[in-house]
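First the structure, in the form of structure tokens, and then the observations on it.
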Amino acid sequence: MQNIVIIGAGGFGREVKTIIDAVNKVEKIYNFIGYYDDGIEKGTMINNFPVLGNLHDLNSSSEPISVLLGIGEPTTKSKIIAKLSSDKINFPTLIHPSVQISEDEVAISKGCIICGGTIITCNIVIGSFVTINLNCTIGHDTIIDDFSSFMPSVNISGEVHIQEKVYVGTGAKIINQLTIGIGTIIGAGAVVSKSLPDYCTAVGIPAKPIKFHNHE
């Protein structure tokens, strides 16, 4: 069994632990040993598992260790990965057993978290460190770039390109043949019917940019 830890002991980090448990019920793959979190004191117990330290402590690990990101915010994910330099660390992709994934040309890169109830159809490319929360749907010929995050019940129609570090709020819908720009935020419940530029926040039905934010 692989020793595995989660970065982030907040709500989503604890949910990621439940996915590990679900995977292990099907096949015992992971030995979960605890959390790493810069904001919680080392030794604090979270649902009976310890906070093992901060990112510096994780970088100092002398043994091979698998690491999952229990964090949804795209820029934070990117910054954390940039800080992890140890060659002992690897980043598996964790997929809940209930997820439906087509066997027809689906590529999923390292470090992704895919939560229960999600459906991924065909001819789809998903980059690294992508978070797909509960009950999302991803249609054919969609490309999702690194560090993007999708909250529960997001629906992505076919032939959509989600560029890196995009955040899509709960229940949002993105129709066919659109591009969502780098670092863009889509509000909960939005319906995106036109492509969106980089680094904007878009809300509403139909979704429209209401502000632009700094590049990070």
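Below are the figures for this structure:
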quantity: Residue selected from segment 70-89 under the condition part of a loop (DSSP other than H, G, I, E, B) and of a type in the set (Gly, Ala, Ser), by the criterion most open to solvent (accessible area, probe 1.4 Å); calculated: SER85
quantity: Residue within segment 118-129 that is touching a Gly at 6+ places or on another chain (Cβ under 7 Å) and among the aliphatic types (A, V, I, L, M) present; calculated: no
quantity: Failed criterion for PHE212 (all others in (1) over 28 Å from GLY11 (Cβ atoms); (2) of a type in the set (Phe, Trp, Tyr); (3) surrounded by 17 or more Cβ atoms within 10 Å (Cβ to Cβ) hold); calculated: (3)
quantity: Those residues of segment 152-209 which are open to solvent by 40 Å² or more (accessible area, probe 1.4 Å), among the hydrophobic types (A, V, I, L, M, F, W, C) and in a loop (DSSP other than H, G, I, E, B), in sequence order; calculated: ILE175, ILE182, ALA188, ILE205
quantity: TYR167 vs. criteria of a type in the set (Ser, Thr, Tyr) and more than 20 Å from CYS115 (Cβ to Cβ); calculated: no
quantity: Residue in segment 97-106 that is without any contact (Cβ under 8 Å) to a residue 60 or more places away in the chain, within 16 Å of the chain's Cα centre (by Cα) and assigned to a strand (DSSP E or B) present; calculated: no
quantity: Matching residues, segment 117-134, being surrounded by 17 or more Cβ atoms within 10 Å (Cβ to Cβ) and not hydrophobic (A, V, I, L, M, F, W, C); calculated: THR118, THR121, GLY127, SER128, THR131, ASN133
quantity: Condition met for ILE113 (under 19 Å from ILE144 (Cβ atoms) and either of a type in the set (A, V, I, L, M) or open to solvent by 40 Å² or more (accessible area, probe 1.4 Å) (or both)); calculated: yes
quantity: Any hit, segment 90-104, residues being over 16 Å from GLY169 (Cα atoms), in contact with a helix residue (DSSP H, G or I) (Cβ under 9 Å, 6 or more places away or on another chain) and surrounded by fewer than 16 Cβ atoms within 10 Å (Cβ to Cβ); calculated: yes
quantity: Residue in segment 29-49 that is more than 17 Å from ILE113 (Cβ to Cβ), in a helix (DSSP H, G or I) and open to solvent by less than 20 Å² (accessible area, probe 1.4 Å) present; calculated: no
quantity: Any hit, segment 116-128, residues being in contact with a helix residue (DSSP H, G or I) (Cβ under 8 Å, 6 or more places away or on another chain) and either hydroxyl-bearing (Ser, Thr, Tyr) or within 28 Å of TYR199 (Cβ to Cβ) (or both); calculated: no
quantity: Selected residue (only one of GLY127, GLY183, GLY139 is under 23 Å from PHE91 (Cα atoms), touching a Ser or Thr at 6+ places or on another chain (Cβ under 7 Å) and touching a residue at least 24 places away in the same chain (Cβ under 8 Å)); calculated: GLY127
quantity: Of residues in segment 138-149 being open to solvent by less than 50 Å² (accessible area, probe 1.4 Å) and of a type in the set (Val, Ile, Thr), the one farthest from ILE71 (Cα to Cα); calculated: THR142
quantity: Pairs, first closer than 14 Å to ASN176 by Cβ in segment 186-199, second open to solvent by less than 40 Å² (accessible area, probe 1.4 Å) and of a type in the set (Val, Ile, Thr), C-beta under 6 Å, six or more apart; calculated: VAL192/ILE174
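The values are calculated or read from the model by the stated rules, or taken from the named source; none is laboratory data. If you're wondering where the values come from, they're calculated on a predicted model, not measured in any experiment. Cβ: placed from backbone, ideal geometry, glycine included. Neighbour counts: every protein chain shown. To get the accessible areas, we keep the full protein, side chains included, count just its heavy atoms, and leave off ligands, DNA and RNA. Shrake-Rupley method; radii C 1.70, N 1.55, O 1.52, S 1.80 Å.
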